[in-house]
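Before any comments, here is the structure.
The values are calculated or read from the model by the stated rules, or taken from the named source; none is laboratory data. Predicted model only: the values in this text are computed from it and were never measured. Please note: Cβ atoms are built from the backbone with ideal geometry, for glycine as well, and neighbour counts cover all protein chains shown.
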Ligand SMILES: [Zn+2]
Ligand SMILES: [Zn+2]
């Protein structure tokens, strides 16, 4: 299989909206189903190519792996720094930002906005751990900074 065919196979996945917050490895697995000889390096190269063309959105996380999204319009991402979950959130560039970009004679291509934090599940998990007096980071912090003992 030649290189342009491999590129076409990826393009097809993008057109079919199959790439929804997938890592390069996950895309590699998808492509391998129909192109058993495809190399991971080719996948990385083609992914970046489509990102440059504005057909794919690249989502950087706090982990080592970046994620790719074939939906490139009007949305931003909520990225959980704990479990790595990525959620879509509707986002349209506000008028003041569009004006600001235009004022700088900058040609807008696409938006790449990630809001990092903790998702609902991880927040709940954190709350559970805090109420339990377990030997995790939270109790370690307690030891470091002891609360004054309650006098009976
Ligand atoms: Zn999370
Ligand atoms: Zn998305």
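Let's see how each residue does on (1) more than 24 Å from residue 67 (Cβ to Cβ); (2) surrounded by 13 or more Cβ atoms within 10 Å (Cβ to Cβ):
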{"position": "83", "(1), (2)": "no, no"}
{"position": "107", "(1), (2)": "yes, no"}
{"position": "118", "(1), (2)": "no, yes"}
{"position": "128", "(1), (2)": "yes, no"}
Exercise for the section: Return yes when residue 42 is more than 30 Å from residue 127 (Cβ to Cβ) and within 12 Å of ligand 2 (Cβ to nearest atom) and no when it is not. Expected result: no
Problem - Per-region count, the range 55-78, residues closer than 14 Å to residue 117 by Cα, near ligand 2 (Cβ under 8 Å from one of its atoms) and surrounded by fewer than 16 Cβ atoms within 10 Å (Cβ to Cβ) - result: 0
Problem - Filter result (in contact with a strand residue (DSSP E or B) (Cβ under 6 Å, 6 or more places away or on another chain) and within 16 Å of ligand 2 (Cβ to nearest atom)) within the range 79-89 - result: 79, 86, 87, 88, 89
Problem - Residue satisfying all of: in the range 125-146; at pLDDT below 55 and not in a helix (DSSP H, G or I); nearest to residue 86 (Cα to Cα) among these - result: 136
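Go through the range 60-72 residue by residue and tally those that are in contact (Cβ under 8 Å) with a residue 12 or more places away in the chain and more than 15 Å from ligand 1 (Cβ to nearest atom).
Qualifying residue count for the region: 8.
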Completion exercise
For the range 87-103, pairs from a residue that is closer than 28 Å to residue 120 by Cβ to a residue that is in a loop (DSSP other than H, G, I, E, B) and within 16 Å of ligand 2 (Cβ to nearest atom), with Cβ under 6 Å and 6 or more apart or across chains, are 92/74
